[in-house]
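Everything on this sheet refers to the single structure shown next.
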């Protein structure tokens, strides 16, 4: 189970993710989300992004499936972080935006379409989704033993098209900003719910 990998290696993951520079992504995201709007940080990990949005005046809900990550993120942010997986998301018209930084890639390819339907249902009309994936041609298992669902620009566009739930606002590829991870490429996608 993926949660067990995070529970066992929580400190290592937390230290690594806290070092990532997300300011370019925050900046663009914030231009699309109403000031003081409600954001869901799904698979929040350390709580790094939740804390940033809280400090910017947004209302934030957060969840993660790992007990250790929940414990750390709750202490780090002061939020009551919920224990949940993307597959269990059941909110309706609740959020102005959803932030999914390096978390949706834990959803299996077979479940990805239904999870995107749940995300669309959870967003208000014209709500914004930020999602990031490892930019790879195919899914893979990483050095920590995590099975990761991956997309590049073409495969992600092909995945989204038949769902007809989101318009693509922007898609960019970027090298990882974390120490000793610069050989990893990420796909960052900003999407707007169609209605």
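Considering the conditions (1) touching a helix residue (DSSP H, G or I) at 6+ places or on another chain (Cβ under 7 Å); (2) farther than 27 Å from residue 111 by Cβ, residue 57 is excluded by exactly one of them, (1).
Scanning the stretch 71-84 for residues that are within 19 Å of residue 106 (Cα to Cα) and either at pLDDT 95 or above or assigned to a strand (DSSP E or B) (or both) yields a total of 4.
Taking the condition farther than 23 Å from residue 85 by Cβ, touching a residue at least 24 places away in the same chain (Cβ under 8 Å) and either surrounded by fewer than 18 Cβ atoms within 10 Å (Cβ to Cβ) or out of contact with any strand residue (DSSP E or B) (no Cβ under 6 Å at 6 or more places or on another chain) (or both), does residue 184 pass? Quick ask: steps written out before the conclusion?
Values: farther than 23 Å from residue 85 by Cβ: yes; touching a residue at least 24 places away in the same chain (Cβ under 8 Å): yes; either surrounded by fewer than 18 Cβ atoms within 10 Å (Cβ to Cβ) or out of contact with any strand residue (DSSP E or B) (no Cβ under 6 Å at 6 or more places or on another chain) (or both): yes.
Spelling it out, residue 184 is indeed farther than 23 Å from residue 85 by Cβ, touching a residue at least 24 places away in the same chain (Cβ under 8 Å) and either surrounded by fewer than 18 Cβ atoms within 10 Å (Cβ to Cβ) or out of contact with any strand residue (DSSP E or B) (no Cβ under 6 Å at 6 or more places or on another chain) (or both).
Quick one: which of 102, 121, 62, 113 is at pLDDT 95 or above, within 27 Å of residue 194 (Cα to Cα) and outside any helix (DSSP H, G or I)?
Working: 102 fails: at pLDDT 95 or above; 121 fails: outside any helix (DSSP H, G or I); 113 fails: outside any helix (DSSP H, G or I).
Within the list 102, 121, 62, 113, the selection yields 62.
The one condition from (1) touching a helix residue (DSSP H, G or I) at 6+ places or on another chain (Cβ under 7 Å); (2) under 22 Å from residue 192 (Cβ atoms); (3) touching a residue at least 60 places away in the same chain (Cβ under 8 Å) that residue 127 does not meet is (1).
Figure legend. Inter-residue proximity from the stretch 89-118: first residues in contact (Cβ under 8 Å) with a residue 60 or more places away in the chain and at negative phi, second residues surrounded by 16 or more Cβ atoms within 10 Å (Cβ to Cβ) and assigned to a loop (DSSP other than H, G, I, E, B), beta-carbon distance below 6 Å, spacing 6+ or different chains. Indicated pairs: 96/33; 96/37; 97/33; 103/43. Scanning the stretch 69-78 turns up one or more residues that are within 25 Å of residue 174 (Cβ to Cβ), touching a residue at least 60 places away in the same chain (Cβ under 8 Å), more than 14 Å from the chain's Cα centre (by Cα) and buried (at least 23 other Cβ atoms within 10 Å of the Cβ). Restricting the search to the stretch 48-67, which residues are farther than 22 Å from residue 116 by Cα and surrounded by 18 or more Cβ atoms within 10 Å (Cβ to Cβ)? Once the filter is applied, which keeps residues that are farther than 22 Å from residue 116 by Cα and surrounded by 18 or more Cβ atoms within 10 Å (Cβ to Cβ), the stretch 48-67 yields 48, 51, 52, 53, 54, 58.
Selection of the stretch 146-170 for residues being surrounded by 16 or more Cβ atoms within 10 Å (Cβ to Cβ) and in a strand (DSSP E or B) yields 148, 166, 169.
The values are calculated or read from the model by the stated rules, or taken from the named source; none is laboratory data. Since we're looking at a predicted model, the values are computed, not measured. No Cβ is skipped: glycine too gets one built from the backbone with ideal geometry, and neighbour counts run over all protein chains shown.
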